[in-house]
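Please treat every number below as a calculation from the coordinates, not as lab data. In this text, all values refer to a predicted model and were calculated from it rather than measured experimentally. Please note: Cβ atoms are built from the backbone with ideal geometry, for glycine as well, and neighbour counts cover all protein chains shown.
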Amino acid sequence: MPAAPAPSRSLRDWFSSPVGWVTVPLVAFTAAFIAMVGDEWRRNPDLSHGLFAPVVFALLIWEGARRGTQRWLPRSRWFAAAAAGLTLVALVLFGAAGLLAATVGWGHALVNCVLALALVAAWLGAWVVLADARVRVLPFNWVIFTALVLWVLASPIPDGTYRRVTMTLQHGVTTGVLDALHILGIPARQMGNVIELASTSVGVEEACSGIRSLISCLYAGFFFAAWLVRGFGRRLFLILSAPVLAIVMNFIRSLTLTLLANNGVDIAGFWHDATGYAILALTSLALAGFAALMSAPPSPAAPVGDVRDFTSTPRTPFALLAGASALAVALGIFFASFNRPAPAPSASTLTSAASLIPESATGWEVRNSDDLYQFSDILRTRDLAERTYLRRGPHGVVQVTLYIAHWRPGEASVSVVASHTPDACWPGGGWNVGPVASPQERLTVGDRVLPTAEHRFFTKGTLPQHVWFWHVYNDRPINYRDPYSVPALFEIAWRYGFRREGSQYFIRFSSNQPWENLAQEPLVQEIFRRLATIGLTP
């Protein structure tokens, strides 16, 4: 595939027939994707770099087309097959996103991630056609490739992947800081993701895990490698340096905050935020500096001639891609027609979290949690309630805790609610994850069988805690195994439609006792009788 000296087409040719049959639907798909994830970019600090994604995309397309290597693909059956295959993958992913949305809603991180993959696959398939030597619209070079694939790094991370990466980073940062403190001669010990010092303790929470700087720096590394650097080896070095630099800088930040706390400085608020922004800025500047040092002199712009004569342009690939676009539009219309609007507020939608938790129970001491509103901004709701019930039994104190968070329609996406599970949050409070026989359980209360619960077990010192939790969406518990069953997804889509955001509840029931010791308790039966009114029924 030698570089050809002939000029590429001008920007106006992008929307001329037959090229416009492909570019117009792609631009529309891109705009729709931006509109869908734009709110998440504004609200999720881990994705704030996404606000620059449309500008970065346009800049890299322009740079790759005007100054990038003018490499064009020769006529080949293999390239035609690649274009067709990538387009088929895009259609399959688009359909899969709709099926997933039937279960968890269009705002779910997994749905947006699959849509981003579909967008990238669609662009890659079209790129093979647009880089044809007979078409010469978009050259086949690294800069263009980077522009297309960066959409994946600007999309929300699926919740399961996000939790695993975050927990790994949290544990690594906590362990590294603890080792550094011991080297410095400072006494400290680790409890989960909490470092206990002589006079205080420091928790490495999700915001301190470094995932924000990791994603942002990886995005910046790809951008600078395409914009400033020439040569495969240099680009690879810069891209691989980005995550390493992000992790090291976040470790420095966490160690600095811990040392300040050990010296009696209140690190909440100003110091926490200031060091976070400072480290992110320094890391970005360091990446830009590395890229500038490795950069080559800018290539002269490729000549653009008046080549709007499309008589030699192959029509068949454009016709096939146009047909695929029409099929995608048909799928979109199908999803939209079954995207029934959220129902009018029902009694369950208007039920507050506190009203679902018994205020008193015979034989039990009741304690209310009054500090939950400090988490309102993170959780995006103020309707939070938690009560703990204590009773002395023959084998010690029996403890039962019920926590409920409620979101009205439109307050938060399904993915936001699903990301704040005990898996993600409890280790940051010093809890250690223990083994369970099964992560999903069907529990019995009295003579009733409850919907499948997620089951976890934690310990903090000598304190055990069995945890069961549910996520209720529009009066129906979400079963996270359903998205992997295509027949089940079709049945849900046909019955419920491809729903918009609805009312949501997150319910967490925890105790220092196993379930078999609690199932017949009148208090527990009353709790789940109330929860049945919001949809926690089989």
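Counting Lys and Arg as +1 and Asp and Glu as -1 over every other residue whose Cβ lies under 13 Å from the Cβ of SER48, the net charge comes to 0. Residue order for GLU196, GLU386, fewest other beta carbons within 10 angstrom first, comes to GLU196, GLU386. By the count of neighbouring beta-carbon atoms within 10 Å, fewest first, THR362, THR168, THR421, THR87 end up ordered THR362, THR168, THR421, THR87. For the listed peptides 387-394, 140-147, a ranking on the average number of other beta carbons within 10 Å per residue, highest first, reads 140-147, 387-394. Cα centroids of the stretch 189-241 and the stretch 348-380: 36 Å apart. The simple spin-label model puts a point 7 Å past each Cα toward its Cβ; for ALA354 and LEU327 those points are separated by 5.5 nm.
The simple spin-label model puts a point 7 Å past each Cα toward its Cβ; for VAL433 and ILE183 those points are separated by 2.8 nm. The slack in the chain from THR452 to PHE52, taken as 0.36 nm per residue of separation less the alpha-carbon distance, amounts to 139.9 nm. Annotation for the stretch 100-132 versus the stretch 137-184: alpha-carbon center distance of 20 Å. Just check the stretch 89-248 against the gyration tensor rule for me: Cα atoms, a ≥ b ≥ c as the square roots of the eigenvalues, rounded for a/c under 1.5, and otherwise prolate or oblate depending on whether a/b exceeds b/c. Cα axes put the stretch 89-248 in the oblate bin. Applied to the stretch 50-56, the Karplus parametrisation 6.51 cos²θ - 1.76 cosθ + 1.60 on θ = phi - 60° returns per-residue 3J(HN,Hα) values of x, 4, 8, 4, x, 5, 4 Hz, with x for Gly and Pro. Tell me the net charge near TRP431. Cut-off is 11 Å between Cβ atoms, TRP431 excluded, with +1 for each Lys or Arg and -1 for each Asp or Glu. Counting the neighbours of TRP431, the net charge comes to +1.
Applying a DSSP loop filter and a limit of 16 other Cβ atoms within 10 Å to the trypsin sites (Lys or Arg not before Pro) in the stretch 422-457 leaves ARG442. For the stretch 66-97, trypsin sites (Lys or Arg not before Pro) are listed when DSSP marks them as loop and at most 13 other Cβ atoms sit within 10 Å of their Cβ; the list is ARG75.
Among GLU516, GLU526, the order by Cβ neighbours within 10 angstrom, fewest to most, reads GLU516, GLU526.
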